[in-house]
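Here's the structure we're looking at; comments come further down.
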Amino acid sequence: MSLLVTDATLADGRVRDVRVEGERIAAVEESLDPREGDRVLNASGKMLFPGAVDPHVHFREPGFSHKETWASGSRSAAAGGVTVVADQPNTTPPTVSGEAFDGKEALAAESVVDFGISGGVTPEWDPDSLFDRPLFALGEVFLADSTGDMGIEADLFADAAERAAEAGVTVTVHAEDADLFDESARERDAGGTGRAADADVWSQYRAAEAEAAAVERAVEVGTESGADVHIAHTSTPEGVDAATAGGATCEVTPHHLFLSREDATELGTYGRMNPPLRSEERRAAMWERLVDGEIDAVATDHAPHTRAEKDVGLWEAPSGVPGVETMLPLLLERARRGEISYERVRDVTAANAAEIFDLPSKGRIEVGRDADLVLFDPEESREIRGADLHSNCGWTPFEGMRGVFPETTVVRGRVVYENGSFEDADGENVRE
């Protein structure tokens, strides 16, 4: 298929025509003439970004398809301008063996965007068969328990890092030190159920200090083993600083950029996630670090649960919130307001993750790269409503905030989403 995008404004302000031949970008020029058979997208007054790379999603299959499926999750991604996702291992069965990897990869054939599959670590893992598969990364490796009960001990983490270093696979770490959790918080009044709960008690329990300590430990193991370490969902400026000091890369989630403990009481269990929401002061500091270039990537930790599962008490509720469809729109809204540059948004949502996870064909609008493209009108801002989104869970913690949503999403030269409608396409494993 040939595709021509005309008069598109790129993130750096240049206006260019972009020609796509097959799956790749064939030309980026000031002016290109249409050819017979071209599908032409007139982008005058609109912006063209590389498709976002989200290295941290939980699409829930196998085991929890009532929460999300590869079909629903990938459509949500496409509608949000995400063209590559990497699924995490805490499914049932967990992705800790070659056999489990193969089973998940078969389910991922339903994806309309490209995907990677990350391997997990438990005492029962089978590293020989797991590293024989095309892993996106090792991890999220849990240094404290989260959804799926995959928290591991220090010795196993060190062994896993050594295996990953030998295989040349990046280790993604969920960094919280459970020894520093405030157990006395469990005695505090956590309110009622669902939105009547007080999620700030969860923030008190999984204390901010637990993050930096775990990051320091993770980067030490990375240095000793020679593994490349990437810190998932950093939620504190101290955690970012520890990652930077230790030579690790790090990501931040939209919920840690746009929500804080001041929102926790209103959100109730819908605001329970790991790591939890932090103080408004820490949230603002994380935004400053993102704008200043000290945070490498934004990743969603898209972790949907049903309303029925969330509408219980704080201590019984599952952790996690959806976010794959709203990440880019939220950031584009802030760029529209002048709070962050479009170039920075491009880098933290696409270019940097592609570099960190060694995806040389992704992340930039350049000749020879995959034609993963997102077209949007930078002035078309609208309210975010859970009922309008495509995740199975049907809700969002960003209800009522504003976002700039894509008009068109292209994956390897094929339009998969346009003006609210999807076109059939098969995502591919980016490691094959």
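The values are calculated or read from the model by the stated rules, or taken from the named source; none is laboratory data. Note that the coordinates shown come from a computational prediction; the quantities given were computed from them, not determined experimentally. Cβ placement follows ideal geometry from the backbone for every residue including glycine, while neighbour counts extend to all protein chains displayed. These accessible areas exclude ligands, DNA and RNA; they are computed on the full protein's heavy atoms, side chains included. Shrake-Rupley method; radii C 1.70, N 1.55, O 1.52, S 1.80 Å.
Distances between placed amide hydrogens fall under 5 Å for VAL82 paired with ALA52, all partners being 5 or more residues away or on another chain. Panel values: the chain, Kirkwood radius from alpha carbon pairs, Stokes-Einstein at 25 °C and 0.890 mPa s, translational diffusion coefficient 114 µm²/s. Quantify how much of the Cα-Cα distance distribution of the range 4-86 extends past 23 Å, in percent. Percent of Cα pairs beyond 23 Å in the range 4-86: 39.
Applied to the range 184-198, the Karplus parametrisation 6.51 cos²θ - 1.76 cosθ + 1.60 on θ = phi - 60° returns per-residue 3J(HN,Hα) values of 5, 4, 5, 8, 7, 6, 9, x, x, 10, x, 6, 7, 6, 10 Hz, with x for Gly and Pro. In this structure, ASN42 and SER65 have a Cβ-Cβ separation that, at R0 = 45 Å, corresponds to a calculated FRET efficiency of about 0.70.
Within the assembled protein chains, the solvent-accessible surface assigned to THR193 is about 80 Å², based on a 1.4 Å probe. By accessible area, using a 1.4 Å probe on protein heavy atoms only, the range 22-83 has 42% of its surface on carbon and sulfur. Only one residue of GLY120, PHE376, ALA199 has its Cα farthest out toward the positive end of the dipole of the chain, where Lys and Arg carry +1 and Asp and Glu -1 on Cβ, and that residue is PHE376. Straight-line cross-link partners of LYS46 among the lysines, defined as a Cα under 26 Å from its Cα and at least 8 positions apart when in the same chain: LYS362.
Of all DSSP bridge pairs formed entirely within the chain, close to 50 percent run antiparallel.
Multiplying the residue separation of GLU288 and ASP132 by 0.36 nm and subtracting their alpha-carbon distance yields 52.1 nm.
Pairwise inverse Cα distances across the range 210-284, averaged and inverted, put the Kirkwood hydrodynamic radius at 12.9 Å. Dividing the convex hull volume of the alpha carbon atoms of the range 253-401 by its residue count gives 126 Å³ per residue. Using the 1.4 Å probe convention, the accessible area of the chain works out to 36 Å² per residue with neighbouring protein chains retained. Between PRO318, PRO94, PRO34, find the one with the highest GNM mean-square fluctuation for the chain; connect C-alpha pairs within less than 10 Å. Between PRO318, PRO94, PRO34, it is PRO34 that shows the largest mean-square fluctuation. Per-residue SASA remark: ARG195, around 110 Å² accessible (1.4 Å probe; ligands, DNA and RNA not included). Accessible surface of the range 170-266, 1.4 Å probe: 43 percent of it comes from carbon and sulfur atoms. A simple charge model with +1 on the Cβ of Lys and Arg, -1 on the Cβ of Asp and Glu and nothing else charged puts the dipole of the chain at about 1280 debye relative to its Cα centre. Select from ASN419, THR408, SER391 the residue farthest towards the positive end of the dipole of the range 358-432; place +1 on Cβ of Lys and Arg, -1 on Cβ of Asp and Glu, and compute about the Cα centre. Positive-end residue among those listed: SER391. Mind checking which of ALA108, VAL96, GLY246 is farthest towards the positive end of the chain's charge dipole, using Cβ charges of +1 (Lys, Arg) and -1 (Asp, Glu) about the Cα centre? Looking along the dipole axis, the top candidate is ALA108.
The loop-placed GluC sites (Glu not before Pro) in the range 74-166, going by DSSP, that have at most 13 neighbouring Cβ atoms within 10 Å of their Cβ come out as GLU124, GLU153. Taking a straight line from the alpha carbon of LYS310, these lysines sit under 18 Å away, with near neighbours fewer than eight places off in the same chain left out: LYS67. The accessible surface of the range 285-432, taken with every protein chain in place and a 1.4 Å probe, is 38 percent carbon and sulfur. Using only side-chain charges placed at the Cβ, +1 for Lys and Arg and -1 for Asp and Glu, the dipole size of the range 1-101 relative to its Cα centre rounds to 280 debye.
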